[in-house]
Amino acid sequence: MNAEPQVPRVQATAVPILKLAGVERHYGDAAGRLTVLDAVDLEVFPGELVALAAPSGAGKSTLLHIAGLLERPDAGDVMIGGRAAGKLSDAERTTIRRVQIGFVYQFHHLLGEFSALENVVIPQLVRGLSRKLAEQRAMQLLSYMRVKQRASHRPSELSGGEQQRVAIARAVANAPRLLLADEPTGNLDPVTAGYVFEALAKLVRASRVAALIATHNHELAERMDRRITIRQGKVVEL
Ligand code: ADP
């Protein structure tokens with residue numbers, strides 16, 4: 001009698017959205033060289049929230065700038081969705097950044113003369129979406145971030161927590177694959193920070209965006225999937 005055919009094993013096929021391979025970054029000249037990133041390898045997968053927790057000056061912003069294709073590393077490469085960015089032209093890197101990467105900063109950087117809704121609509125119009133569809137999506141995102149009722153208000157009329165909720169909605173307006181955040185709740189009181197983070201985390205899980213979030217807030221870092229830090233230029237898991 002023949003044995004039952006073996007069911008083929010399913011390979012883990014998840015491809016990291018962000019991959020840093022042997023990334024190095026140095027500042028200064030040969031006489032006084034500062035190595036900020038030293039052969040850094042890092043992968044962030046779809047729907048994953050990774051906390052980047054390191055002391056000031058350790059290289060968090062440098063790492064985020066390189067991951068976001070705002071700066072080029074001195075060695076190594078960055079892959080976004082499996083595509084190596086190192087050999088691409090500045091124009092190609094800008095396109096990847098616009099289409100595939102969303103940024104959230106400590107300060108909201110919303111356009112002051114436009115409403116919350118317009119701030120989420122504008123990046124979509126720039127991408128070529130119709131106003132009707134852009135407005136629909138913006139309202140959905142503002143609703144998801146629980147600031148729909150503030151849609152017609154300008155940033156100066158919003159609380160700090162509301163401004164950051166709108167900034168997060170704007171960052172994902174064009175459905176990026178990677179979300180990079182630099183202290184997104186750093187200006188907020190602990191309770192507000194917790195609520196804003198909760199909304200951000202829910203959005204990341206639902207949209208399957210890969211998120212790398214620099215934070216000094218240990219409590220929030222503990223709520224993410226993984227925690228990494230930078231020690232003497234090396235990325236280490238905590
Ligand atoms: P973090 O975001 O963790 O505070 P940064 O990435 O801003 O750290 O900076 C890491 C180190 O690199 C710091 O010592 C900083 O002074 C240095 N650095 C950052 N940018 C430059 C630059 N353009 N020229 C020289 N040194 C820099």
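The values are calculated or read from the model by the stated rules, or taken from the named source; none is laboratory data. Here the structure is a predicted model, which is why all the values come from computation and not from measurement. So basically every Cβ, Gly included, is an ideal-geometry build from the backbone, and we count neighbours across all protein chains shown.
Among the residues of segment 84-127, just one is in a strand (DSSP E or B) and more than 17 Å from the chain's Cα centre (by Cα), namely 84. Going by the structure shown, is residue 75 away from the ligand (no atom under 13 Å from the Cβ), on the phi < 0 side of the Ramachandran plot and more than 16 Å from the chain's Cα centre (by Cα)? So residue 75 passes the test.
Scanning segment 42-68 for residues that are away from the ligand (no atom under 16 Å from the Cβ) and part of a loop (DSSP other than H, G, I, E, B) yields a count of 4. List the number of the failed condition for residue 153; all other conditions in (1) in contact (Cβ under 8 Å) with a residue 12 or more places away in the chain; (2) part of a helix (DSSP H, G or I); (3) more than 25 Å from residue 61 (Cα to Cα) hold. It is condition (2) that residue 153 fails. Where strands (runs of 3 or more DSSP E) sit wholly within segment 163-238, those with at least 2 residues that are modelled with pLDDT of 95 or more and over 14 Å from the mean Cα position of the chain (by Cα) occupy 226-231, 234-237. Cβ-Cβ distances below 6 Å connect the following pairs, each with a first residue in segment 60-76 that is within 15 Å of residue 21 (Cβ to Cβ), a second residue that is within 12 Å of the ligand (Cβ to nearest atom), and a separation of six or more residues or different chains: 73/25; 73/66; 74/25; 74/26. Look at residue 143 and say whether it is out of contact with any helix residue (DSSP H, G or I) (no Cβ under 6 Å at 6 or more places or on another chain) and free of Cβ contacts under 8 Å to residues at least 12 places away in the same chain. Against the criterion (out of contact with any helix residue (DSSP H, G or I) (no Cβ under 6 Å at 6 or more places or on another chain) and free of Cβ contacts under 8 Å to residues at least 12 places away in the same chain), residue 143 qualifies.
Here residue 147 meets each of (1) under 24 Å from residue 57 (Cα atoms); (2) out of contact with any strand residue (DSSP E or B) (no Cβ under 7 Å at 6 or more places or on another chain) with one exception, condition (1).
Any residue at all in segment 105-123 that is closer than 17 Å to residue 229 by Cα and within 15 Å of the ligand (Cβ to nearest atom)? Let's see the steps before the verdict.
Step one: list which residues in segment 105-123 are closer than 17 Å to residue 229 by Cα, which gives none.
Checking segment 105-123: not a single residue is closer than 17 Å to residue 229 by Cα and within 15 Å of the ligand (Cβ to nearest atom).
Residue pairs whose Cβ atoms lie under 7 Å apart, separated by 6 or more positions or on different chains, with the first residue in segment 115-139 and more than 14 Å from residue 151 (Cβ to Cβ) and the second polar (S, T, N, Q), are 123/174; 124/174; 127/174.
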